[in-house]
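To keep things clear, I will list the structure first and then write my remarks on it.
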Amino acid sequence: MKLTFWGTRGSIAVPGPDTLRHGGNTTCLCLEILGQRPVVLDAGTGIRRLGLQMVEAPGPLDICLLLTHLHWDHLLGFLFFEPAYRAHASIAVGGWPRGMEGLRNIFDARRGDGNFPVTFGDLPARIQADEGLRPPRFRLGPVQVITMGLNHPQGGIGFRFEQEGHALVFLTDNELHGPGPHSPDDYARFCQGADVLIHDAQYLPEEMDQRRGWGHSDWASVVDLAQRAGVGQLVLTHHDPGRTDGQVDEIVALARDKAGPGLPVQAAREGDSLEVGG
Ligand SMILES: [Zn+2]
Ligand SMILES: [Zn+2]
């Protein structure tokens, strides 16, 4: 499995000189599995550039889109996802069960609400909910996918991708100690032994008192989780829109200090890729 980050920012896109290295686009990742159609995770603003690359590549435009939840920062890029405007493209939507409804809602509803010049029904691509891509588990060819609910306002799901004894976990928009149905113990079990854990680390520990219930975690709680679950590598993501590249680097330095030499830590950066297993 090869995973590439196309958007790593939380809440809202923040282009500009302070976000050049870690990226200003909101959440979008692409998972490549040998012999399978590409798997796009979330449709934040980062999906626009991914879509442009996809339509340039030879071969069929057969795409799987898995959504974690319906907040704008995970959906709005779909308005400018080029494959959606190609008649020969096929996009299977899965993950969060209300994903299709969420995608439809960002376009103009035939009432002429003025939100966007195109209606969802006008899109030339074949875009359909795929019942085979639903929680709590499903397969993507050789990869087993297991989902888990998020502690996040209005809910959401995270994904664990497993192949031949290797695992990659993606948990964004998740408040580990926050209000919600799941405990840190639950998440430690879900992440157990993963090669790579990618987790929301939007806040500093000292910011949490002001942001309790907003549905995001602080970096220290995420390091605790990674250590308890014995993961091989930790990637921090959903960077706060107010955080400069330098401030994200500071978080990584603090997290590395806490994690020690046994747990490599990095911050997700637009354009970076990582490989897990075969
Ligand atoms: Zn978000
Ligand atoms: Zn959210």
Relative contact order for region 2-275 using alpha-carbon pairs under 8 Å, separation at least 6, rounded to a whole percent?
18 percent
Exposure proxy ranking, count of Cβ atoms within 10 Å, fewest first, for 118, 39
118, 39
Arrange the following residues from fewest to most other Cβ atoms within 10 Å of their Cβ: 88, 74.
88, 74
Farthest positive-ward along region 2-275 dipole, Cα basis, beta-carbon charges - from 8, 63, 96
63
Out of 35, 178, 156, a Gaussian network model of the chain with alpha-carbon springs under 10 Å gives the largest mean-square fluctuation to 35
DSSP-defined antiparallel bridges as percent of all bridges, the chain, nearest 5
45 percent
Per-pair calculated FRET efficiency, R0 = 51 Å: residue 105 and residue 209 via Cβ, rounded to 0.05:
0.95
Taking θ as phi - 60°, what are the ³J(HN,Hα) couplings along region 126-131 by the Karplus curve (6.51, -1.76, 1.60), each to the nearest whole Hz, with x for Gly and Pro?
8, 10, 9, 5, 10, 5
Paramagnetic label zone (point 7 Å from Cα along Cα-to-C-beta, residue 21; backbone N under 19 Å) in region 179-205
201-204
Can you list residues whose amide H is under 5 Å from residue 65's amide H, if they're 5+ apart or on another chain and H is modeled 1.01 Å from N?
40, 92, 93, 94
Here, residue 131 and residue 266, labelled 7 Å along Cα→Cβ, have an inter-label distance in nm of 4.1 nm
About its Cα centre, what dipole magnitude does region 175-234 give when the only charges are +1 on Lys and Arg Cβ and -1 on Asp and Glu Cβ, stated in debye to the nearest 20?
140 debye
Separation between the residue 12 and residue 257 pseudo-spin-labels, each 7 Å from Cα along Cα→Cβ, expressed in nm?
3.1 nm
With Cα springs under 10 Å, the Gaussian network model of the chain assigns the largest mean-square fluctuation among 233, 53, 210 to 210
About the Cα centre of region 2-275, how large is the charge dipole given +1 on each Lys and Arg Cβ and -1 on each Asp and Glu Cβ? Please answer in debye to the nearest 20.
660 debye
Gained length - residue 154 relative to residue 32, 0.36 nm times residue gap less alpha-carbon distance
41.0 nm
Here the convex hull volume per residue of the chain, taken over Cα atoms and given in Å³, is 126 Å³
Can you put 240, 108, 200 in order, fewest other beta carbons within 10 Å first?
108, 240, 200
For the chain, the longest stretch holding no trypsin sites (Lys or Arg not before Pro) located in a DSSP loop with at most 14 other Cβ atoms within 10 Å is which?
112-211
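Every number in this text was worked out from the coordinates using simple rules, so none of it is lab data. The shown structure was predicted, so the numbers you read here are calculated from the model rather than taken from an experiment. So basically every Cβ, Gly included, is an ideal-geometry build from the backbone, and we count neighbours across all protein chains shown.
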